[in-house]
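Enquirer: Quick one: structure below, then a few questions.
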Amino acid sequence: MQLEYFHMIDRIVDLKVDEKTIVVEAQVPQESTIFEGHFPGYPLMPGVLLIESMAQASGWLQLGVFRFERMPILAAVREAKVRGSVFPGELMSIEASLTHEGSGYAMTEAKIRVGGKLRANAALTFTLIPFPNADMRSHMDAIAKRVGFPQQAISS
C-alpha cells in the first residue's frame with residue numbers, strides 16, 4: 001500500500017466475475033507521513049482512507065465485471081461505519097460485492113476485516129464512464145498487473 005499515492009490495494013486475492021465478488025489485501029505500512037498527524041503517539045488509519053480502500057476494492061471488482069470497458073468513479077458513500085481502528089502494520093482483507101448496475105451507475109457493499117474481525121463497512125455508489133484517454137487506460141493496465149488482476153478479465 002502506498003498511502004501518499006492513494007494506491008490502497010496490494011493484491012487481488014480472489015475475483016469471481018460471475019458472482020460479482022472480490023477479495024483484496026492491503027498491508028498498512030508501519031510508517032507514513034499520514035500517521036505523523038493522525039495521531040501523534042497513537043497512529044491509526046484515517047476513516048476516510050478506510051472508505052477509499054473499500055472504494056478501490058469495489059473499483060477493481062467493477063473493472064472485472066465490466067471487462068475494463070468502463071471506469072468506476074466514486075459518487076456516493078452510504079451507511080459507512082468504522083467499527084474498530086486499523087493500525088500501522090496490520091493486514092486488511094477487503095471484500096466487495098456488486099449489488100446493482102444500470103443507467104451508468106453501480107452500487108457495491110464492502111467490508112474491511114483485520115484478523116477476521118470486521119473493522120469497517122459501507123455501501124458505495126459509482127458513476128461509470130468511458131476511460132477518458134489512452135494514458136489513463138494504460139496506467140490502469142499497469143496497476144492491474146502490479147496487483148495481480150486476472151488478465152483474462154481484461155477485454156482486449
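The values are calculated or read from the model by the stated rules, or taken from the named source; none is laboratory data. Because the structure is predicted, anything quoted here is derived from the model rather than measured. Quick reminder, even Gly has a Cβ in these numbers, built from the backbone with ideal geometry, and neighbours come from all protein chains shown. Surface areas here come from the heavy atoms of the whole protein model, side chains and all, with no ligands, DNA or RNA. Shrake-Rupley method; radii C 1.70, N 1.55, O 1.52, S 1.80 Å.
Enquirer: Can you say whether Ile73 is open to solvent by less than 20 Å² (accessible area, probe 1.4 Å), part of a strand (DSSP E or B) and not charged (D, E, K, R), as far as the supplied structure shows?
Expert: no
Enquirer: May I pose another question? Could you please let me know if Ala57 is free of Cβ contacts under 8 Å to residues at least 60 places away in the same chain, under 19 Å from His139 (Cβ atoms) and of a type outside the set (Asp, Glu)?
Expert: yes
Enquirer: Hey, among the residues in region 14-29 that are under 14 Å from Ile112 (Cα atoms) and aliphatic (A, V, I, L, M), which one's surrounded by the fewest Cβ atoms within 10 Å (Cβ to Cβ)?
Expert: This residue is Val23.
Enquirer: Could we say that Pro130 is over 21 Å from Val23 (Cβ atoms) and touching a helix residue (DSSP H, G or I) at 6+ places or on another chain (Cβ under 7 Å) here?
Expert: No; evaluated as a whole, the condition is false for this residue.
Enquirer: Among the listed residues Ser93, Ser97, Ser138, which satisfies the condition of being open to solvent by 30 Å² or more (accessible area, probe 1.4 Å) and free of Cβ contacts under 8 Å to residues at least 60 places away in the same chain?
Expert: Ser138
Enquirer: Another question, if that's okay. Here is a check on your reading of the model: is Ala122 more than 18 Å from His7 (Cβ to Cβ) and surrounded by 19 or more Cβ atoms within 10 Å (Cβ to Cβ)?
Expert: yes
Enquirer: Here's a follow-up. Check region 133-148 and report whether any residue there is of a type in the set (Val, Ile, Thr), within 20 Å of Val48 (Cα to Cα) and either touching a helix residue (DSSP H, G or I) at 6+ places or on another chain (Cβ under 7 Å) or at pLDDT 95 or above (or both).
Expert: Looking for residues that are of a type in the set (Val, Ile, Thr), within 20 Å of Val48 (Cα to Cα) and either touching a helix residue (DSSP H, G or I) at 6+ places or on another chain (Cβ under 7 Å) or at pLDDT 95 or above (or both), one finds none in region 133-148, hence no.
Enquirer: When the residues of region 30-46 are narrowed to those that are touching a residue at least 12 places away in the same chain (Cβ under 8 Å) and open to solvent by 30 Å² or more (accessible area, probe 1.4 Å), which ends up farthest from Arg137 (Cα to Cα)?
Expert: Looking at the filtered set, the residue picked out is Pro43.
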